[in-house]
Amino acid sequence: MNISIVGLGYVGAVSAACLADKGHRVWGVDINADKVRIINEGRSPIVENGLSEKTAQGRQTGCLSATVDIQEALRQTELCFVAVATPSRANGQIDPAHLFRACQQMAMALSQLNKKQLVVIRSSILPSIFDECRKIFDSTAPGLVELCANPEFLREGTAIRDFEEPPFTVLGTDSAEAEETLRSLYADQSAPLFVLQPKDAIMVKYASNAFHALKVAFANEIAAVCQESGVDADAVMNVFCNDTKLNISRRYLMPGFAFGGSCLPKDVRAILYAGKTADLQLPLMTAILASNEQVIERAFQKVRATGKKHVGMIGLSFKSNTDDLRESPFVELAERLLGKGYELSIYDPNVIEARLTGANKEYIDKVIPHLSRLLVPSLAAFGDAEVLIVGHHFDGVVELLESKRAHVIELTTRQHRTPAGTMERELVLEI
C-alpha cells in the first residue's frame, strides 16, 4: 500500500518505520528539514528502542523516504496518516494549530492535484477538533477526502512493540470502503479490532490515558495510607490485582448511575478518615464521593430540563435484585424531586415486598415513610407519568417503554429498540 504520514515526531516516525518494515511504501512528511534529512540518511530522529534499525532497513529496501513537500507525498499515495503534535496550552486546552495547518496544507495540495485521499488522524484530539478538521477538508477539497480516526496507543520505550502487538486497534469511520482499507492494513495483527464512529474512536484514547493516570494515583494514595498504618502496600496491591472478576475487569467500568449501598460509601469515608488522622492529603479519594454526588445531580437536571412535573421512577433500592435502600442514590434522587415539588410515583417490586415482610421494613417505615407511600403495585400505575426514570429493568419495563409516550431517562446502559418517535431516551453517564 502507498502511505503518507504527515508529522515525523514520535508517533509519525515510529509508524512510518513500522509500516515500511511490513513492505508498504511510505512517504514521511515534516516541515522540519532536519528530521527529513535524518530519516533519509537511515537514522532515527528520536530515541526509541529498535527505531534506528527499522529506519535504516526501510531506506535500504526503498520502502521509506521523507520529504518537506506535502504535495509530493500525496501525489504518490491513497492513504495518509496525520500524526502532528497537539500540545497543551497553559489552561489545559489542546492547541490544534499545527494540526489545522497540516490539514489546510493537505487540503490545498489535494485540491491542486484533484486527487482523492483516505486521511486518517492519529494525533490525540477531542471530538470537537475532529469536526473542525472535517470542515477544513470539506471547504478546501470538497469530495476528495474521507476523514477517519485511528488513535495510537504507543508508549515511549516500547513503541515498536506497541505498534506491532497492540492491546487492540480502534478504527473510527462510517465508510465501508475506508473500513476495508484500514482492516487490510492491520490484517497481520492478532489483536482485536474495533470499528466505531470517528468521534467515539477518538474518545477511547482519552478514556484509556485518563484511566491509566487514575490507576497510578489510586495506587499511590493506597500506598500512602498503608505506609502510615504499618501495612505492606505491595502485598495489598498484589492481591488486589489478582482479582480479575471485579478489580481488574469490566465490572464497574460501564457508564451508569451512582453507587450506593452499605459498603462503598461507608468504606470510602473510612479510608478518608484514616488518611485524615494520619494528616494525609488524598485528593483522588476525596473526590470520589463528590463525583458520585454529581451523577445524581445530573440525573435531577435531566428531569428538570423536561419541564414536566409528573414523574414515574422505576427502581428505588441501591441496585437491582435487592431490597437494600441504605444510601441508595435513587432514594436521594427521589428526595430531591419531592423537595422541588414533583409528583412522584415509584415502582420497585423488591421494595414493595420488603415493606411488608423484608429486613428493610423498619428502615422504610421509620426513615423514609413518605417515600414508601409513593410506591405503586405495578407498572400500570404510571398512566399519568410524563417522565419515566429507569433505574432498574424489572419484568415488563421494556414493554412499558415501547407502549408509553413519555420522556424516558435511562440511568443504566441497557438499551431498548422502540418504534421511531415513541420515546426520547437519555443516558446519564457517570464521569
Quick check on my filter: what residues within segment 184-226 are charged (D, E, K, R) and surrounded by 14 or more Cβ atoms within 10 Å (Cβ to Cβ)?
Lys199, Asp200, Lys205, Glu221
Screening Glu179, Glu164, Glu146, Glu156 for residues that are modelled with pLDDT under 95 and closer than 24 Å to Tyr206 by Cα leaves only Glu156
Quick check, is Ala354 closer than 26 Å to Leu289 by Cα, touching a helix residue (DSSP H, G or I) at 6+ places or on another chain (Cβ under 7 Å), part of a helix (DSSP H, G or I) and open to solvent by less than 40 Å² (accessible area, probe 1.4 Å)?
no
Give the residue, chosen from Gly256, Gly275, that is modelled with pLDDT under 95 and in contact with a Leu (Cβ under 9 Å, 6 or more places away or on another chain).
Gly256
Looking at Glu426, Glu430, Glu410, which one is of a type in the set (D, E, K, R), modelled with pLDDT of 90 or more, under 30 Å from Leu214 (Cβ atoms) and within 26 Å of the chain's Cα centre (by Cα)?
Glu410
All conditions in (1) crowded, with 20+ Cβ neighbours inside 10 Å; (2) farther than 15 Å from Asp30 by Cβ; (3) among the β-branched types (Val, Ile, Thr) are true of Ile70 except (2)
When only residues in segment 82-101 that are open to solvent by 10 Å² or more (accessible area, probe 1.4 Å) and touching a strand residue (DSSP E or B) at 6+ places or on another chain (Cβ under 8 Å) count, which is farthest from Asp138 (Cα to Cα)?
Ser88
Does Arg37 count as touching a helix residue (DSSP H, G or I) at 6+ places or on another chain (Cβ under 9 Å) and either among the basic types (Lys, Arg) or over 27 Å from Met203 (Cβ atoms) (or both)?
no
Residues of segment 363-412 being under 24 Å from Arg326 (Cβ atoms), part of a loop (DSSP other than H, G, I, E, B) and of a type outside the set (Lys, Arg), which ones?
Ile368, Leu374, Val376, Pro377, Gly391, His392, His393, Phe394, Leu411, Thr412
Residues of segment 146-194 being hydrophobic (A, V, I, L, M, F, W, C), within 16 Å of Ser4 (Cα to Cα) and assigned to a helix (DSSP H, G or I), which ones?
Ala178, Leu182, Leu185
Answer with yes or no whether Ser111 is touching a residue at least 12 places away in the same chain (Cβ under 8 Å), under 21 Å from Phe163 (Cβ atoms) and either touching a Gly at 6+ places or on another chain (Cβ under 7 Å) or not β-branched (Val, Ile, Thr) (or both).
no
Take Gln112 and decide whether it is open to solvent by 10 Å² or more (accessible area, probe 1.4 Å), over 24 Å from Gln71 (Cβ atoms) and not hydrophobic (A, V, I, L, M, F, W, C).
no
Any pair with Cβ under 7 angstrom, 6 or more apart, that starts in segment 232-244 at a residue that is within 13 Å of Phe218 (Cα to Cα) and ends at one that is open to solvent by 60 Å² or more (accessible area, probe 1.4 Å) and of a type in the set (A, V, I, L, M)
Cys241/Ile248
Can you find a residue in segment 158-168 that is surrounded by 13 or more Cβ atoms within 10 Å (Cβ to Cβ), in contact with a Pro (Cβ under 9 Å, 6 or more places away or on another chain) and within 30 Å of Met254 (Cα to Cα)?
no
Among the residues that make up segment 115-135, is at least one of them part of a loop (DSSP other than H, G, I, E, B), small (Gly, Ala, Ser) and over 19 Å from Cys80 (Cβ atoms)?
no
Pairs only if they're at least six apart or on different chains, beta carbon under 7 angstrom, first in segment 176-201 and more than 23 Å from Asp21 (Cβ to Cβ), second open to solvent by less than 60 Å² (accessible area, probe 1.4 Å) and part of a helix (DSSP H, G or I); list them, first residue then second.
Val195/Glu179; Pro198/Phe130; Lys199/Pro127; Lys199/Phe130
Go through segment 227-249 and give me each residue that's touching a helix residue (DSSP H, G or I) at 6+ places or on another chain (Cβ under 7 Å), assigned to a loop (DSSP other than H, G, I, E, B) and open to solvent by less than 70 Å² (accessible area, probe 1.4 Å).
Asn247
Hey, does segment 63-81 have a residue that's modelled with pLDDT under 95, within 30 Å of the chain's Cα centre (by Cα) and among the aliphatic types (A, V, I, L, M)?
no
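The values are calculated or read from the model by the stated rules, or taken from the named source; none is laboratory data. Note that the structure is predicted; figures quoted are calculated from it, not measured. In this analysis, Cβ positions are derived from the backbone assuming ideal geometry, glycine residues included, and neighbour counts consider all displayed protein chains. The accessibility values were calculated without ligands, DNA or RNA, using every heavy atom of the protein model including side chains. Shrake-Rupley method; radii C 1.70, N 1.55, O 1.52, S 1.80 Å.
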